[in-house]
Amino acid sequence: MINNQPIGLFDSGIGGTSIWSAIHDLMPDEDTIYLADSKNAPYGKKSKEEIIALSIKNTEFLLEMNAKIIVVACNTATTNAIKELRASYKVPFIGIEPAIKPAALNSKTQTIGILATKGTLSSELFNKAVEIYQDTKIVEQVGYGLVELIENGEINSPEMTKLLHSYLQPMIDANIDYLVLGCSHYPYLIPQIKKIIPQHIQIIDSGEAVAKQTHKILIEKVGLNVKGEGKATFFTNTNPKVLSDILKNKYDVIQKEF
């Protein structure tokens, strides 16, 4: 099946570019449109109703850009709004959820840590996933302030280091052997995290799994681009510098009100 329309992605800011990278690496021929709703970041502090409204706004933008499939590249938006999005639109949606399953199934200590936003950890979808693994101790930690620092380009700041130490040390003390990153922003913190946690603790994020699921749905239901090397377009509703920096200035970033 052939479909040369673009893949659409949205996130509360720049974090979902970690998901975009995984999709682009797996499917370099696909055109992509990425929407960074940084003006409203972080979603994790907002109510369910606000998150649904923002997710609808982002979806409408991507549909106007002719997206053939939409990747909700945000854990908080997925866990709070994807059910409503799927009920309202015909386009397929791919969500991103904390990768609890591989961590719980492979843990030797039967103790895993999850670093995520308040919006994700308090969501119905997340709590249903946790209930499945009753034999695994799950140490949950809200990453207060992390998204804001990342959005401000302060990934390697002393404040970031201090926050990560305070969030990760209780998990280390609890003897976790897997750390699940439950926010698409957090993979950009992996170099920092590795300096804090013992080497035996495995870090899991959802990027590769989301890319594979997107590819699967494109093949089965939507169609692949056959035109050649894909074009990547990025939109943000705030200063484009942080998004440009995270993309290493390889792509144009368009600042636009939405």
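The values are calculated or read from the model by the stated rules, or taken from the named source; none is laboratory data. The shown structure was predicted, so the numbers you read here are calculated from the model rather than taken from an experiment. Methodologically, a virtual Cβ is constructed for each residue, glycine included, from the backbone with ideal geometry; neighbour enumeration extends over all protein chains shown. These accessible areas exclude ligands, DNA and RNA; they are computed on the full protein's heavy atoms, side chains included. Shrake-Rupley method; radii C 1.70, N 1.55, O 1.52, S 1.80 Å.
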Mind listing whichever residues of the stretch 16-46 are surrounded by 24 or more Cβ atoms within 10 Å (Cβ to Cβ), at pLDDT 95 or above and part of a loop (DSSP other than H, G, I, E, B)? Gly16, Glu30, Asp37
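How many residues, within the stretch 232-258, are open to solvent by less than 100 Å² (accessible area, probe 1.4 Å), not in a helix (DSSP H, G or I) and not polar (S, T, N, Q)?
10
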Check whether at least one residue in the stretch 92-105 is aromatic (Phe, Trp, Tyr) and free of Cβ contacts under 8 Å to residues at least 40 places away in the same chain, and report yes or no. yes
With (1) open to solvent by less than 30 Å² (accessible area, probe 1.4 Å); (2) closer than 18 Å to Tyr188 by Cβ as the list, and Glu159 as the residue in question, which single condition is left unmet? (1)
Looking only at residues that are in contact with a helix residue (DSSP H, G or I) (Cβ under 9 Å, 6 or more places away or on another chain) and polar (S, T, N, Q) in the stretch 123-140, which one is least open to solvent (accessible area, probe 1.4 Å)? Ser123
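Yes or no, residue by residue, for (1) out of contact with any Phe, Trp or Tyr (no Cβ under 8 Å at 6 or more places or on another chain); (2) in contact (Cβ under 8 Å) with a residue 60 or more places away in the chain; (3) over 24 Å from Ile96 (Cα atoms):
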| residue | (1), (2), (3) |
| --- | --- |
| His185 | yes, yes, no |
| Ile197 | yes, no, yes |
| Ala209 | yes, yes, no |
| Lys212 | yes, yes, no |
| His215 | yes, yes, no |
| Lys221 | yes, yes, no |
| Phe234 | no, yes, no |
Being in contact (Cβ under 8 Å) with a residue 24 or more places away in the chain and not hydroxyl-bearing (Ser, Thr, Tyr): is that true of Glu159 here? no
